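Read through the structure below, which is laid out as structure tokens, and then see the notes.
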Amino acid sequence: MIHPDAKLAENIFDKPSTASTREGFGKGVVEAGTADERVVVLTADLAESTQAHHFQKAFPERFVQVGVAEQNLATVAAGMALYGKIPFINSYATFSPGRNWEQIRTTIGINNVPVIVCGHHTGVSVGPDGATHQALEDIAMMRALPHFTVIYACDAEEGRKATIAAAKLGGPVYMRWARDKTPIMTTPGSPFKVGKANVLWIPSPRTEGPSLVNTDVAIFATGHLVHNALLAARDLAEEGIETTVVNVHTIKPLDEETILREAKRAGAVVSVEEHQIAGGLGGAIAELLAQKMPTPMEFVGVHDTYGQSGEPKELVEYYGMGASHIKEAVKRAISRK
Amino acid sequence: MITDADVKKIEAKALAIRTTIIEMLAAAKSGHTSGPLGMADIFAALYFHVLKHDPKRPDLAERDRLFLSNGHIVPVRYATMAHAGYFPVEECLTLRKFGSRLQGHPEYHMLPGLESTSGPLGSGISEAAGYAYAARMDKKTFRVFCATSDGEHEEGNTWEGIMFAGKYRLANLTAIMDRNNIQIDGDTEDIMPLEPLADKYRAFNWHVIEVDGHNIREFVDACEEAKSIREKPTMILAHTTPGKGVPTIENDYRWHGNPPGKGPTDKIPADKQKEVFLAELEGKTV
């Protein structure tokens, strides 16, 4: 059942409202800019598709167009942050942080300045643009950089909140965004705190109190695939398999307390992400569990391949990240207990 | 704008800075020699005449900012800062050693008075341009300088930054190129020809001033001229002699990335290099 504390929207299974997470960014960055006039927004010729154009319209004097030049995007922003601004830099993730990773490492990471790197169009769900534009490695690239916080919102509403929070962190942040419209699960009342994972689904029925001891598997999901994880959890419950679904919106720093607690209760875990299984959320959780609590684990994600053109949903299915794949992974995880 | 006495004083500082560069590189047993020696006159002129700054208050809000894009020549910056009073000259001997604030390539958080981290080439002009852009948004009156090398004009990022600064007419930005014609693997015009550099900058809507990088007066005048250009950024294209001041090193690209004691031994044996070079600086032969 849906965890009451998560305060999710009604009808998230049957008739969810949809929006892209990038739309949440577009709203959130205007709110962040309203709250703090140090906030500036830069783009490398992708104002509209990154939704940065909302900020451009609201604060034209704080919007900077750098042209198709992602290395310049990162380094100009570093200079502005060294001065005292809080820049959000926007491009597709295969270009930024893909093309300009070293500039990000040296001038933002080592300098430890508050630039928020927004990598848009991530995952195969980018769709028709094909492999070149479907970022599947960006979490790994950014998670490896000291000082960086890495955030991947599960829906537009969480993305809005995360954007506002990122502007206040005072250090380098990587935010991962998606193009396709996906269900809006969270509400303005849903809890969101950077670094604190949220439990969205718990075994049911609960007799009383917060006991979760009958959980069979803990599913740790990030980004819009959290919705597929919830669909899988609902179906599994009907089959008598009880799961916990945790929305790990902050991949770095990882919420070790929540992950270890849920892994211990379940005794088997599954990670779910629209990213290469190497170096993403699953990798981060595996590093943690291997050191502190070795636990059977299955990985749902892209298995060492690039994407291709297609419709978002068919690509998510083709590359093995649909609800049915999550269910299979849960069953494999149980069999390994 | 600058008196003969001032020029003499800066030249004396430049000699002291060069001496420190030889000593610190010999102690470090690694690092770059040609670039730092070649830029000693310009750094002396910057810190002892051009820049508005206070060694006792490195975070002074109104200070002029100096970005160093080609981080590998940082020994000249460290030596100049030490002689200007930012820290004791003896600390220069800790260069590149464990625990030192004087990292092999400059690291922003390690030493007060640096404006950024650098080493990987090609990023400095963009960073300085971003800084200058932000400062102009807030109507700040200090100036932003960026020292850059000729070799790093082979980096795409450099030209992206030049294009950006030109587009936004960043008149508060002055870049200074160490045009010494060498890079690690040889002469720039053999490795990847850069000329016509001045015309390229002009085509990107910069004001360009070419100077002899060892003529203090010419350089200081160019910095003054840059202040008077209100509609575009200025590039001071400084023609320098790599290794300037030490005849054995001058114009020999093999000294780009080697310190005294580890450089080519066809002229001076390794164990004599430091001593000979210090003597050459004083105009003596050993």
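The values are calculated or read from the model by the stated rules, or taken from the named source; none is laboratory data. Everything quoted here is computed from the prediction, not taken from an experiment. We place every Cβ from the backbone using ideal geometry, glycine too, and count neighbours over all the protein chains shown.
Okay, here's what the table says:
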| item | result |
| --- | --- |
| In the range B:146-174, the residues that are touching a residue at least 40 places away in the same chain (Cβ under 8 Å), among the hydrophobic types (A, V, I, L, M, F, W, C) and crowded, with 23+ Cβ neighbours inside 10 Å | B:Cys146, B:Ala147, B:Ile162, B:Ala165, B:Leu170, B:Leu173 |
| Among (1) among the basic types (Lys, Arg); (2) within 14 Å of another protein chain (Cβ to nearest Cβ); (3) more than 23 Å from B:Ser118 (Cα to Cα) - the single one A:Arg160 does not satisfy | (2) |
| Filter result for A:Ala153 (surrounded by 24 or more Cβ atoms within 10 Å (Cβ to Cβ), touching a strand residue (DSSP E or B) at 6+ places or on another chain (Cβ under 6 Å), of a type in the set (A, V, I, L, M) and at pLDDT 95 or above) | no |
| Test: residue in the range A:73-95 that is away from chain B (no Cβ under 11 Å), in contact with a Gly (Cβ under 7 Å, 6 or more places away or on another chain) and closer than 19 Å to A:Lys252 by Cα | yes |
| Residue in the range B:194-208 that is surrounded by fewer than 22 Cβ atoms within 10 Å (Cβ to Cβ), part of a strand (DSSP E or B), of a type in the set (A, V, I, L, M) and on the phi < 0 side of the Ramachandran plot present | yes |
| Residue within the range B:119-141 that is closer than 20 Å to A:Arg62 by Cβ and part of a strand (DSSP E or B) present | no |
| Condition broken by A:Ala77, with the remaining ones in (1) hydrophobic (A, V, I, L, M, F, W, C); (2) closer than 16 Å to A:Thr149 by Cα; (3) part of a helix (DSSP H, G or I) satisfied | (2) |
| Residue list for the range B:6-61, filter: polar (S, T, N, Q) and either more than 15 Å from the chain's Cα centre (by Cα) or part of a helix (DSSP H, G or I) (or both) | B:Thr19, B:Thr20, B:Ser30, B:Ser34 |
| All positions within the range B:62-99 that are in a loop (DSSP other than H, G, I, E, B) and either in contact with a Leu (Cβ under 9 Å, 6 or more places away or on another chain) or touching a residue at least 60 places away in the same chain (Cβ under 8 Å) (or both) | B:Glu62, B:Arg63, B:Asp64, B:Ser69, B:Asn70, B:Tyr86, B:Phe87, B:Leu95, B:Arg96, B:Lys97 |
| Single residue of the range B:263-281 satisfying the filter (farther than 15 Å from B:Lys29 by Cβ and in contact (Cβ under 8 Å) with a residue 12 or more places away in the chain) that is nearest to the chain's Cα centre (by Cα) | B:Leu281 |
| Selection within the range A:166-178 - in a loop (DSSP other than H, G, I, E, B) and crowded, with 24+ Cβ neighbours inside 10 Å | A:Pro172, A:Trp177, A:Ala178 |
| Residue selected from the range A:51-67 under the condition at the interface with another protein chain (Cβ under 8 Å from one of its Cβ atoms) and without any contact (Cβ under 8 Å) to a residue 24 or more places away in the chain, by the criterion surrounded by the most Cβ atoms within 10 Å (Cβ to Cβ) | A:Gly67 |
| Wholly enclosed helices (runs of 4 or more DSSP H) of the range A:245-337 bearing at least 3 residues touching an Asp or Glu at 6+ places or on another chain (Cβ under 6 Å), among the hydrophobic types (A, V, I, L, M, F, W, C) and at pLDDT 95 or above | A:323-335 |
| Count - residues of the range A:85-100 that are of a type outside the set (Val, Ile, Thr) and in contact with an Asp or Glu (Cβ under 8 Å, 6 or more places away or on another chain) | 8 |
| Unmet criterion (only one of (1) of a type outside the set (Gly, Ala, Ser); (2) surrounded by 18 or more Cβ atoms within 10 Å (Cβ to Cβ); (3) over 21 Å from B:Thr174 (Cα atoms); (4) within 13 Å of chain A (Cβ to nearest Cβ)) for B:Met110 | (2) |
| From A:Glu48, A:Glu31, A:Glu37, A:Glu70, residue being within 14 Å of chain B (Cβ to nearest Cβ), of a type in the set (Asp, Glu) and surrounded by fewer than 24 Cβ atoms within 10 Å (Cβ to Cβ) | A:Glu37 |
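Listed here are the residues, each with its yes/no results for (1) part of a strand (DSSP E or B); (2) among the aromatic types (Phe, Trp, Tyr); (3) over 12 Å from the mean Cα position of the chain (by Cα).
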| site | (1), (2), (3) |
| --- | --- |
| A:Arg99 | no, no, yes |
| A:Gln103 | no, no, yes |
| A:Ile108 | no, no, yes |
| A:Gly119 | yes, no, no |
| A:Asp129 | no, no, yes |
| A:Ile139 | no, no, no |
| A:His147 | no, no, yes |
| A:Ile164 | no, no, yes |
